[in-house]
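As structure tokens, the structure follows; a few thoughts come after it.
The values are calculated or read from the model by the stated rules, or taken from the named source; none is laboratory data. Since the model is a prediction, treat every value here as computed from it, not as a measurement. Glycine also receives a Cβ, built like all others from the backbone with ideal geometry; neighbour counts cover every protein chain displayed. Protein only, heavy atoms only, side chains kept; ligands, DNA and RNA dropped before computing areas. Shrake-Rupley method; radii C 1.70, N 1.55, O 1.52, S 1.80 Å.
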Amino acid sequence: MGEMDFIQNEVLPSLFEGLGTSILLIIPSAVFGLVIGVAIGVFRVFGNPLTEKLASTYVAIFRGFPLVVQLFIWYFGLPHLGIYFSPYTASIIGFSLCSGAYHSEYVRGALLSIKRGQLLAAQALGFTRTGTIVSVILPQALRRALPGCGNELIYLIKYSSLAYMITCIELTGKGKIIASETFKFTEIFMIIGIFYLVMTTIAGRLLQYVEFRLEIPGFEHYGA
Amino acid sequence: MSKPPVLRAENITKRYGKKVVLNNASLSICERELKILIGPSGSGKSTFLQCINFLVTPDRGRVWLDGREILRTHKRDLNAYRQKVGMIFQDFNLFDHLTALANVEIGLTRVRKMGKEEACEKAMQELDKVGLRDHIAKYPAQLSGGQKQRVSIARALAMDPEVMLLDEPTSALDPELITEVLAVIKDLRANGMTMIMSTHQLNFASEVADEIIFLEDGIIVEVGPPDKILYEPECERTIQFCSKMRELYGNSR
Amino acid sequence: MIESLVILYGALPYLFRGVLVTVSLVVGAMGLGLLSGIALAVGQVYGTPWTRRLIGFYVWFFRGVPLIVLLFLFYFGLFTMLGINLSAFTASIIVLGLISAAYQSQIFRGAILSLPTGQLKAARALGMSDSRAIISIILPQALRLSVPGWSNEYSIVLKDSAVTYAVGVTEVMARAHFVASRTYEHLPLYFAAGVIFLMLTFLGTKGLRLLEDRVRIPGYVR
Ligand SMILES: Nc1ncnc2c1ncn2[C@@H]1O[C@H](COP(=O)(O)OP(=O)(O)O)[C@@H](O)[C@H]1O
Ligand SMILES: [Mg+2]
């Protein structure tokens with residue numbers, strides 16, 4: 001009985017606080033990541049050879065380096081160049097740039113799959129090149145990129161736990177601190193696991209719903 | 001008809017949801033006979049044939065081979081029974097990852113536990129019989145439809161079946177490839193293989209069948225010798241079906 | 001600058017010994033994930049409703065919880081609680097393997113489901129038992145189709161293996177951090193670690209592409 005009380009009174013409030021930090025890590029990173037992903041994806045498809053080369057180097061590095069390594073570079077590495085980030089900022093930078101690289105792959109694939117004919121048709125209507133990309137190509141491409149990007153968002157939720165490794169105390173970090181004090185690793189990390197499961201499951205459902213809502217009539221089975 | 005039947009299926013019924021796909025269909029066949037199942041698409045021919053060797057589980061009905069009832073709940077008996085009943089599928093169903101030779105061998109080595117060398121020799125013989133000696137090393141994707149179907153016949157024959165079930169063996173073939181497969185089947189017939197075959201090739205049926213069974217909407221409408229079913233059928237629906245098929249595929253007489 | 005390079009150069013043998021650890025982690029985890037993933041996939045496709053539900057739950061759990069949480073849960077929590085005394089290295093292989101099993105099972109499951117149903121029917125028609133048909137007919141084809149997905153999974157497991165540093169496995173990342181905190185050359189060392197991972201990804205996926213070509217069925221296109 002005492003155990004339950006302890007968990008309810010001491011552990012849970014602390015974990016919820018950590019959860020709050022996690023969410024504050026996830027949401028901005030998701031938004032920045034998507035923006036970066038779309039921008040880089042567009043650069044890679046519609047840019048000039050130079051931007052394309054730059055963009056693909058960026059993607060190769062940020063998809064090829066483990067996320068932990070990237071976080072360590074932002075947090076422990078950059079101070080040697082005189083650049084200091086708080087753990088929280090370093091985490092958001094790390095998450096955004098990394099997931100941006102992954103998103104850009106899906107966006108690129110989707111852009112390439114949109115027929116060239118769409119570009120020509122829009123130009124025939126008098127659209128500018130940028131106008132075409134923004135109002136004709138992107139809306140279609142983003143729908144197609146959605147399943148991949150959605151998966152990436154779920155990965156982001158899980159990988160947000162790595163912020164703990166650069167001392168940004170979110171859900172996992174809070175758990176580690178309490179568990180080390182109380183030695184209740186099993187119970188506490190079970191609870192934390194459930195927190196993450198709830199987040200990933202809700203996100204998964206939400207994405208399914210969005211995908212369903214954004215379906216273009218007649219194109220439901222695209223890619224299936 | 002004094003000989004006892006080799007294979008007997010009685011009152012086979014199969015439903016998918018509410019739809020009765022096969023309704024109380026029965027059939028029996030004696031040694032060296034060839035019975036042909038005809039009927040429009042969706043009439044239940046494939047279902048009937050697949051119920052006979054329990055690839056589709058019938059809701060009701062019993063099957064006997066050599067006077068012994070097959071209990072499909074008894075896995076070992078069922079597998080032994082299936083070895084004795086060869087099956088040819090409309091779309092061949094060759095094992096895509098195996099060469100023609102390995103397709104024929106695998107039943108021998110994995111099911112009949114035959115030694116590798118013996119199996120290879122037997123498989124070569126069977127492939128030779130269907131005229132594919134030169135293609136044994138090819139994979140299914142490298143063979144024509146007619147060749148694929150002949151490999152699948154060799155695969156079934158290698159198991160030394162007592163009865164063969166052939167489900168529209170030529171329906172997936174280009175017209176010019178149909179004859180090569182029909183020739184192999186005629187050969188089998190001449191060598192006394194007992195066979196139940198569904199087909200739309202009425203000319204072939206009239207040439208070689210001992211009996212034709214007309215199936216429609218899961219019901220056996222009419223049964224009889226080819227001359228009767230194809231040229232003097234009693235039922236209106238049989239008449240309609242046969243004349244439609246003749247329109248589509250031409251008449252031999 | 002020169003000084004950094006000298007330090008980096010001196011640390012390379014130490015880092016490369018970490019490569020052995022990283023590679024063992026990945027090989028162990030992928031191997032464990034392969035065997036259990038195949039079993040899970042077969043169970044999920046051909047099993048009873050309860051088996052399927054159970055496997056579905058397993059997959060949902062191991063795909064929904066972060067690696068680091070599972071590492072802490074198993075290594076500091078469950079294993080200790082159950083009195084199983086494992087090194088951080090072994091525990092990490094197990095945890096990475098359990099997660100990879102969940103992901104790999106979905107690769108194999110997709111591959112099995114993409115095979116035409118006629119393959120199983122034809123095998124049964126020859127008198128094969130279901131288990132024989134799965135072993136001789138279904139899996140050889142499904143596994144071939146899984147190689148591209150497997151290659152992707154490899155690069156994920158490889159990068160995830162860097163997280164085991166959190167429980168004290170002395171793989172590449174841990175070693176880079178160790179040298180960095182002694183020499184204060186963080187940037188070059190982390191960068192070197194990153195490049196090592198990049199190279200391992202490249203080599204591994206290259207190898208798997210060769211494997212894919214080798215096991216390709218002649219004439220077969222999908
Ligand atoms: N697995 C199945 N589920 C639902 N309906 C089926 C299934 N298999 C066959 N059917 C239906 O059963 C009927 C008979 O099919 P089939 O035996 O294939 O006919 P045939 O071989 O004479 O063309 C068809 O209407 C078909 O749609
Ligand atoms: Mg049919």
> How large is ³J(HN,Hα), in whole Hz, for each residue of the stretch B:100-115 in order, when computed from phi with the Karplus curve 6.51 cos²θ - 1.76 cosθ + 1.60 and θ = phi - 60°, using x for Gly and Pro?
Replying inline: 3, 4, 5, 4, 7, 5, 4, x, 5, 7, 8, 9, 8, 6, 7, x
> Amide H of residue B:56: which non-local residues (sequence gap of 5 or more, or other chain) have their own amide H closer than 5 Å, using H built in the peptide plane?
Replying inline: B:51
>> On C-alpha positions alone, give me the angle between the axis of helix C:172-183 and the longest principal axis of chain C, in degrees, nearest 10.
In response: 10 degrees
>> Give the aspartates and glutamates reachable from residue B:116 as a straight Cα distance under 12 Å; neighbours fewer than 8 places away on the same chain don't count.
In response: B:105
> Taking amide H positions as placed 1.01 Å from N in the peptide plane, with prolines and chain starts having none, which residues 5 or more places from residue B:194, or on another chain, fall under 5 Å of its amide H?
Replying inline: B:32, B:164
> Counting pairs of alpha carbon atoms under 8 Å apart in space and at least six apart in sequence, what relative contact order in percent does the stretch B:7-249 give?
Replying inline: 27 percent
>> If you scale each eigenvalue of the Cα gyration tensor by 5 and take the root, what three semi-axes come out for the stretch A:77-224, rounded to whole angstrom and sorted largest first?
In response: 40, 22, 9
>> Restricting to DSSP loop positions (anything but H, G, I, E, B) with no more than 15 other Cβ atoms inside 10 Å of their own Cβ, which chymotrypsin sites (Phe, Trp or Tyr not before Pro) remain in the stretch A:130-224?
In response: A:183, A:219, A:222
> Which of the pairs B:3/B:113; B:14/C:121; B:35/B:75; B:122/C:121; C:121/C:206 have their Cα atoms more than 26 Å apart in this structure?
Replying inline: B:3/B:113; B:35/B:75; C:121/C:206
>> With every protein chain left in place and a probe of 1.4 Å, what is the accessible surface of residue A:75, to the nearest 10 Å²?
In response: 50 Å²
> Mean residue ellipticity at 222 nm from the helices of chain A, using -39,500 (n - 2.57) per DSSP H segment of n ≥ 4 over the full residue count, to the nearest 500 deg cm²/dmol?
Replying inline: -24500 deg cm²/dmol
> Along the stretch C:7-14, what does the Karplus equation 6.51 cos²θ - 1.76 cosθ + 1.60 (θ = phi - 60°) give for ³J(HN,Hα), rounded to whole Hz, x for Gly and Pro?
Replying inline: 4, 4, 4, x, 7, 4, x, 5
> Taking H as built 1.01 Å from N, whose amide H comes closer than 5 Å to the amide H of residue B:213, not counting residues under 5 places away?
Replying inline: B:36, B:37, B:38
>> Students often forget the sequence filter, so: which lysines lie under 16 Å Cα-Cα from residue C:159 once same-chain residues fewer than 8 apart are removed?
In response: A:158
>> What do you get for trypsin sites (Lys or Arg not before Pro) in the stretch B:99-147 restricted to DSSP loop and a cutoff of at most 16 other Cβ within 10 Å of the site's Cβ?
In response: B:112, B:113
> Semi-axes, largest first, in whole Å: what does sqrt of 5 times each Cα gyration tensor eigenvalue give for chain B?
Replying inline: 29, 23, 16
>> Are there DSSP H segments in chain A that both extend 24 Å or more along their axis (alpha-carbon positions) and score a mean Kyte-Doolittle hydropathy of at least 1.6? List them, or say none.
In response: A:12-46
> Using the scaling law 2.2 N^0.38 Å as the reference, what is the normalised Cα Rg of the stretch C:93-222?
Replying inline: 1.45
> Any number yet on Rg/Rh for the protein assembly as shown, C-alpha, Kirkwood?
Replying inline: 1.08
> Just from the alpha-carbon atoms, what are the Rg and Dmax of chain C in angstroms?
Replying inline: 20.7, 72
>> Explain nothing, just the number: relative contact order of chain C, from Cα pairs under 8 Å at least 6 residues apart, as a whole percent.
In response: 29 percent
